[in-house]
Amino acid sequence: MSVYTQLTDDQFAAFCQRFGVSFARAIPITQGIKNSNWFIQTTDDVEGKHSYVFTLYEERPPEDVAKMAVILNQLDGKLPVAAPLAIVEPESSNANIDSRYVISYQGKGITLVPCLAGAHPQQTTQAMCHDVGAALAMLHETLQTLQPAQDYGVPLYPWSEVRDREIQFMPGDEAKLMSDIWQAYQDLPLIDLPKGLCHLDMFADNTLWDLTKGHEKLTGLLDFTEVSVEHYVMDIAITINDFCTTWGDAEQGERVYFDREKMTAFLQGYESKRALTDIEKRAMPVMLAKAAVIFWLLRLNVIHYNRTEGRTGDNIMVKNPDLMKRLAAYHWSHVEKAQNTVFIIVDSGSNEIKGVFSTIEHAEQALSQAADSANLKVSEHDLDPMV
């Protein structure tokens, strides 16, 4: 939510009037990296308060923003979202209902939405991870009613093109990390993974909370500009990566700490609303790594875009791509460890090996089917790469 396009007070007043809102003041919002955003104070607001968020979408065309308005209205009442206001007097009586929520200005869409109560969390708890997991599952379930889903989601960004551009300038180890993760993702049985409309940017700074200690409550889900048809497990991985990670600042050496107990809480919350399939569970480790790669590329792409467009100034925020690179490396280390691990069924009496399996699920299934499993147990072993 940086500010790229500058508007005058007269322009703000005219746009707000079209939404039936009496404008007093616009306050720039500098968090985020894609669109231009302002808080709108109305003539009815007391000093220091504001009632609406005014967004000018820098990249998404107005027709895509109109789809987002339909999605938000579908979720309204089931999740804490801010549905866009309708234009009081649409420019054309023939305009379809979707476009009545979006003003077009210089080929860019503008919406006005009510402010939601709450604050962005600086830190997350296991309980918060559980609750946002449940909210994401509810989002996935609710949006299944919008069919065909492709008519409501925006196209997925061509990240492979960004990868091909950026990988040329990376050190060899970084390029290999990105390539290995990308290949592992492509090797997944993607056709079998459930998919539908996904948020794809559910970071902590796109949520609002009542942060009363010990009683934190989700009060807002924000930024639906990237809603696309994607694998649900990718949306889960994107959200886990932010909610379950502590991002160190420069003074802390910009370390990245991933909390696996928070991830467990998140998944428990998610599955309280929608059960994951076995194939989704098996794909999760690679998806976590791929999701980190996508946001590594996103941040590199913002730097590239700002440079080519000459974007500078205090209202332009750039997030550090190296943090996502480090998270990708962390997840990939767990994928590699799993690839070098086998699960062995052993007779605890004779120490005789009864079976060797590549996953714990397959080993436990074989154990449950064994005629006499009283003395059998499953043990985990790392493969010696020199053998």
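The values are calculated or read from the model by the stated rules, or taken from the named source; none is laboratory data. Predicted model only: the values in this text are computed from it and were never measured. Positions of Cβ are generated from backbone atoms using ideal geometry, with glycine treated the same way; all protein chains shown enter the neighbour counts.
Of everything listed in (1) modelled with pLDDT under 70; (2) not in a loop (DSSP other than H, G, I, E, B), the single unmet condition for Gly313 is (2). Look at Val154 and say whether it is part of a helix (DSSP H, G or I) and at pLDDT below 95. No; evaluated as a whole, the condition is false for this residue. Among the residues of region 7-23, how many are in contact with a helix residue (DSSP H, G or I) (Cβ under 9 Å, 6 or more places away or on another chain) and among the small types (Gly, Ala, Ser)? Counting residues in region 7-23 that are in contact with a helix residue (DSSP H, G or I) (Cβ under 9 Å, 6 or more places away or on another chain) and among the small types (Gly, Ala, Ser) gives 1. Quick check on region 231-242. Is at least one of its residues touching a His at 6+ places or on another chain (Cβ under 9 Å) and polar (S, T, N, Q)? Yes, that holds for at least one residue. Within the option set Ala265, Ala283, being over 20 Å from Leu197 (Cβ atoms) and buried (at least 22 other Cβ atoms within 10 Å of the Cβ) holds for one residue only, Ala265. On the basis of being crowded, with 22+ Cβ neighbours inside 10 Å, touching a Phe, Trp or Tyr at 6+ places or on another chain (Cβ under 6 Å) and among the β-branched types (Val, Ile, Thr), does Ile236 make the cut? The answer is no for Ile236.
Listed here are the strands (runs of 3 or more DSSP E) enclosed by region 1-105 that have at least 2 residues being modelled with pLDDT of 90 or more and surrounded by 20 or more Cβ atoms within 10 Å (Cβ to Cβ): 23-29, 36-42, 52-56. Take the conditions part of a helix (DSSP H, G or I), under 18 Å from Asn301 (Cβ atoms) and at pLDDT below 95 and apply them to Gln168. Does it pass? Considered against the rule, which asks whether it is part of a helix (DSSP H, G or I), under 18 Å from Asn301 (Cβ atoms) and at pLDDT below 95, Gln168 comes out as yes.
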